[in-house]
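Note sheet for the following structure.
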């Protein structure tokens, strides 16, 4: 007998599959012309043998450091359900001369992070690390400072202030992102690694909504 969590997962996946409208399927020729930029909520796509449905599509908009001036540059976050595994997976994409896509791989807390001297760090250290362009080490892997910037995150018309700190490993094959969420009276942090995705490896099945 399946446990309750697995039953719930199967039920969610079956319900999601039933939302796929056959009339909205991308034709074979059209599918080759579509990219993740064309996909909205409830879109379906394939990546490396797995099928994903986009459950939420939200965005970051870059701003000035004081969050007051929007710069009209966006990064889109896609919260996706994998139909084969039942896991929730996050993809992000942006377009700056060319389409860039990444997929979240692991999530961490500050207890997993060290500076390049092996000392523990917390949120109070991030500005100095960015100013000095220092590195952060996770489980022996070094990530070098790449960029930091302010943004407004938009979810269901609600806006939240997020300051981003970005790092990457030596070969540029893995990224480390630290998000500082502001506005609740106490800063909260989301820390995760991601990997770059070849846009051509994603095949759109259905564009979804919006």
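Just so you know, all these numbers are worked out from the coordinates, no wet-lab data involved. Keep in mind it's a predicted model, so treat the numbers as computed, not measured. As a convention, Cβ positions derive from the backbone with ideal geometry for all residues, glycine included, and neighbour counts pool all protein chains shown.
Computed values, structure above
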| item | result |
| --- | --- |
| Paired Rg and Dmax values of the stretch 55-104, which use every Cα atom, in angstrom | 13.5, 43 |
| Relative contact order computed over the chain (Cα-Cα under 8 Å; 6+ residues apart), in percent | 25 |
| Hull shadow area, averaged, the stretch 107-196 [alpha-carbon convex hull, nm²] | 6.3 |
| Relative contact order (%) - criterion: Cα under 8 Å, at least six apart; region: the stretch 107-196 | 22 |
| The stretch 12-106: radius of gyration over Cα atoms, expressed as a fraction of 2.2 N^0.38 Å | 1.22 |
| Highest-fluctuation residue, 11, 174, 70 considered, GNM on the chain with Cα pairs under 10 Å | 11 |
| More than 32 Å apart - percent of Cα-Cα pairs taken over the chain | 25 |
| Neighbour-count order for 195, 152, 178, 36, fewest beta carbons within 10 angstrom listed first | 195, 152, 36, 178 |
| Helix axis angle, 4-18 relative to the chain longest principal axis, alpha carbon, degrees | 60 |
